[in-house]
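Structure first, commentary second.
FYI, it's all coordinate maths here, none of it is from the lab. What you see is a predicted model; the values in this text were computed from it and never measured. Counting neighbours? That spans all protein chains shown, and the Cβs are built from the backbone with ideal geometry, glycine included.
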Amino acid sequence: MRKCIFLFFLGLAIFLLGQNIFAFKPGKIFYVAFDSMPDLKDNKVYAKGYPIGKILDKELSEDLKVIITIRIYPKYTASITKGGVFYADNGKLNYDILEKDTKQPLPSESILLGFSSKKEFYLFKAQYHVQKLAEEARKRAEELYKEIKEK
């Protein structure tokens with residue numbers, strides 16, 4: 001009888017392994033750095049209102065800076081790119097893109113910037129884009145100057 005039970009469980013284990021039931025796919029781990037502790041009541045991570053991961057840990061430094069460790073589900077790891085940031089809004093941690101041309105996924109354990117509020121994020125985003133526009137305008141002005149001087 002014991003032999004039958006052992007063989008049954010051995011067969012079940014082999015079957016489950018074949019079905020990838022035991023294959024654990026954790027996704028990717030990322031670190032989000034904040035200037036201050038964001039007000040988060042939910043332990044999920046969101047993008048466009050959909051859950052894409054979980055908050056695993058919150059670490060407060062001596063100077064009150066915060067590192068939040070998150071795990072992004074495998075289905076969404078390619079969405080976390082170099083141009084991405086996180087912000088807290090209505091008690092939730094949200095992912096958004098600062099720069100849309102960046103499509104290269106980040107490797108696991110990358111560090112991303114976090115904002116304690118949506119307002120902080122939008123202000124930073126506006127300043128970032130104004131700076132980029134100013135740089136482009138400066139480059140174009142130099143090109144025009146060179147064209148004029150060469151004639």
(request) Apply 1/(1 + (r/R0)^6) to the Cβ-Cβ distance of Glu135 and Leu113, taking R0 = 25 Å, and write down the FRET efficiency to the nearest 0.05. (result) 0.80
(request) Figure the gain on full extension for Tyr122 and Asp63 (residue separation times 0.36 nm, minus the Cα-Cα span) and round it to one decimal in nm. (result) 18.8 nm
(request) Treat each spin label as a single point 7 Å out from the Cα along the C-beta direction, and report the Lys103 to Glu147 distance in nm. (result) 3.0 nm
(request) Starting from the amide H of Ser117, placed 1.01 Å from N in the peptide plane, find each other amide H under 5 Å away whose residue is 5 or more places distant or on another chain. (result) Ala88
(request) Quick one: grab Rg to one decimal and Dmax as a whole number for the stretch 30-107, Cα atoms only, in Å. (result) 12.2, 36
